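Q: Please see the structure below; I have some questions.
The values are calculated or read from the model by the stated rules, or taken from the named source; none is laboratory data. Keep in mind it's a predicted model, so treat the numbers as computed, not measured. Reconstructed Cβ throughout: ideal geometry from the backbone, glycine too, with neighbour counts over all protein chains shown.
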2 protein chains.
Amino acid sequence: MGNAKQLRKSAELALCYPAVGEAPLGEAEAADLAGVLAALADPIRLRLLSIVASHDEVCSCDLEGPLGKSQPTVSHHTRVLAEAGLLTGERRGRWVWWRVEPTRLAAVRKALGA
Amino acid sequence: MGNAKQLRKSAELALCYPAVGEAPLGEAEAADLAGVLAALADPIRLRLLSIVASHDEVCSCDLEGPLGKSQPTVSHHTRVLAEAGLLTGERRGRWVWWRVEPTRLAAVRKALGA
DNA sequence: CAGCAGTATCGATCTACATCAATGTGTTGG
DNA sequence: CCAACACATTGATGTAGATCGATACTGCTG
């Protein structure tokens, strides 16, 4: 019915960081980038992200099984990834459908990149 | 006089992970990759890495000042980065000289790649 | 409206880690 | 051989986060 709602847009998300090799990072940039990396630095979240990336869209209820985690735990991890800007959730009816945000991953790659 | 010693080669470091978008990560691969990302997910370590990357070599004593951290803390962070395979330390006389391991950063970028 | 299903939040617990003072180890110079 | 320096390790402390049971919220459905 088109009543889809975007969920949890996070505060300020830089789309570009200076690459690690270019110049010493400032404290603010380092803290921001560390936040995104911390969201990625969890085995469950990495597997969650790869599951969502492998399909186009995945709903939360289809994640509990493959991940072997409880519903509150899965909800927690999707939230962390969404707040880091790596995932986008859209509510359709009772379900929330998740997609990856490729721009965000590309920004992290570039920040780590030569 | 040529008695340089490599420091803290870490256990098993994969040079290649399946990219996040390709196929769901296995638990072992996810845990391994999460380990490297956890080493990167710290503002101090990111700044440390960018300082080392900006120069060719940096000795530990030149890191305390820019980072504003105590000597044991700097030693702790260099150790974490070295065990993650991101930094290589070489002892020459009293000093330890640190270099980045570009291959390792490239592997992380590739794993995060679309 | 009542009941159910998918999600989110809360509260509690356990574990991991960042930090630094104190101390240990190894190296150079006198 | 000793004193000074660079770095590593240990022990203690505070904080952040992963997990799950219980519970609240939200949109379907009968």
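Q: Of all residues in segment B:59-87, which are in contact with a strand residue (DSSP E or B) (Cβ under 8 Å, 6 or more places away or on another chain), part of a helix (DSSP H, G or I) and within 12 Å of another protein chain (Cβ to nearest Cβ)?
A: Scanning segment B:59-87 gives a single hit, B:Leu81.
Q: Going through segment A:47-77 one residue at a time, which ones are within 11 Å of DNA strand D (Cβ to nearest atom) and under 11 Å from the mean Cα position of the chain (by Cα)?
A: Narrowing segment A:47-77 to residues within 11 Å of DNA strand D (Cβ to nearest atom): A:47-48, A:64, A:67-77.
If the condition is that a residue be within 11 Å of DNA strand D (Cβ to nearest atom) and under 11 Å from the mean Cα position of the chain (by Cα), then A:Leu48, A:His77 are the ones that fit.
Q: Can you spot a residue in segment A:99-114 that is modelled with pLDDT under 95 and either among the hydroxyl-bearing types (Ser, Thr, Tyr) or within 13 Å of DNA strand D (Cβ to nearest atom) (or both)?
A: Within segment A:99-114, one or more residues are modelled with pLDDT under 95 and either among the hydroxyl-bearing types (Ser, Thr, Tyr) or within 13 Å of DNA strand D (Cβ to nearest atom) (or both).
Q: Considering only residues that are among the hydrophobic types (A, V, I, L, M, F, W, C) and more than 10 Å from DNA strand D (Cβ to nearest atom), which ones fall in segment B:78-90?
A: Answer for segment B:78-90, where residues must be among the hydrophobic types (A, V, I, L, M, F, W, C) and more than 10 Å from DNA strand D (Cβ to nearest atom): B:Val80, B:Leu81, B:Ala84, B:Leu86, B:Leu87.
Q: Turning to a different aspect of this structure: Go through segment B:33-58 residue by residue and tally those that are more than 8 Å from chain A (Cβ to nearest Cβ) and farther than 20 Å from A:Ala38 by Cβ.
A: Adding up the residues that qualify gives 5.
Q: Then there's this: May I ask you to list the residues in segment A:80-114 that are more than 8 Å from the chain's Cα centre (by Cα), within 16 Å of DNA strand C (Cβ to nearest atom) and either within 30 Å of B:Val100 (Cα to Cα) or surrounded by fewer than 16 Cβ atoms within 10 Å (Cβ to Cβ) (or both)?
A: A:Glu90, A:Arg91, A:Arg92, A:Gly93, A:Arg94, A:Trp95, A:Arg99
Q: Condition first: exposed (fewer than 13 other Cβ atoms within 10 Å of the Cβ), closer than 16 Å to B:Lys110 by Cβ and either away from DNA strand D (no atom under 14 Å from the Cβ) or at pLDDT below 95 (or both). Can you find one or more residues in segment B:6-19 that meet it?
A: yes
Q: Given (1) over 20 Å from A:Ala111 (Cα atoms); (2) modelled with pLDDT under 95; (3) touching an Asp or Glu at 6+ places or on another chain (Cβ under 7 Å), where does B:Val74 come up short, assuming only one miss?
A: Just one mismatch for B:Val74, condition (2).
Q: Can you pull out the residues in segment B:39-62 that are touching a residue at least 24 places away in the same chain (Cβ under 8 Å) and either more than 8 Å from DNA strand C (Cβ to nearest atom) or farther than 26 Å from A:Asp42 by Cβ (or both)?
A: B:Leu40, B:Leu48, B:Leu49, B:Val52, B:Ala53, B:Asp56, B:Glu57, B:Val58, B:Cys59, B:Ser60, B:Cys61
Q: From B:Ala23, B:Ala38, B:Ala82, grab the single residue that is among the hydrophobic types (A, V, I, L, M, F, W, C) and modelled with pLDDT under 95.
A: Going through B:Ala23, B:Ala38, B:Ala82 in turn, the sole match is B:Ala23.
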